[in-house]
1. Residues being open to solvent by less than 70 Å² (accessible area, probe 1.4 Å) and out of contact with any Lys or Arg (no Cβ under 8 Å at 6 or more places or on another chain): count how many of those fall in the stretch 16-34.
2. Which of the residues that make up the stretch 40-64 are out of contact with any helix residue (DSSP H, G or I) (no Cβ under 7 Å at 6 or more places or on another chain) and acidic (Asp, Glu)?
Amino acid sequence: MFVRVTGEPPRVKDVVASNFAQLSGVAHGDTVAVMCALDNLTKGAAGGAVQWMNRMLGMDETTG
């Protein structure tokens, strides 16, 4: 999974059908809120297995 950090609130439409998580954070005094949007529907057991197989074989994670 890849992470994008933005200054804008994360939106699901920016990560749909991708391997990205979008993070954003705001601080107010001594309080910090961190928000994240990700599409976990593409991360089923088969997709996760292929991703890890690719990594173990030294290939890019997104290789089919």
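The values are calculated or read from the model by the stated rules, or taken from the named source; none is laboratory data. What you see is a predicted model; the values in this text were computed from it and never measured. Virtual Cβ from ideal backbone geometry, glycine too; neighbours counted across all protein chains shown. Side chains are part of the model used for accessible areas, which takes the heavy atoms of the whole protein and leaves out ligands, DNA and RNA. Shrake-Rupley method; radii C 1.70, N 1.55, O 1.52, S 1.80 Å.
1. Of all residues in the stretch 16-34, those open to solvent by less than 70 Å² (accessible area, probe 1.4 Å) come to 18-25, 33.
The next check asks that each one be out of contact with any Lys or Arg (no Cβ under 8 Å at 6 or more places or on another chain); those that pass are 18-19, 24-25, 33.
So the answer is 5.
2. none
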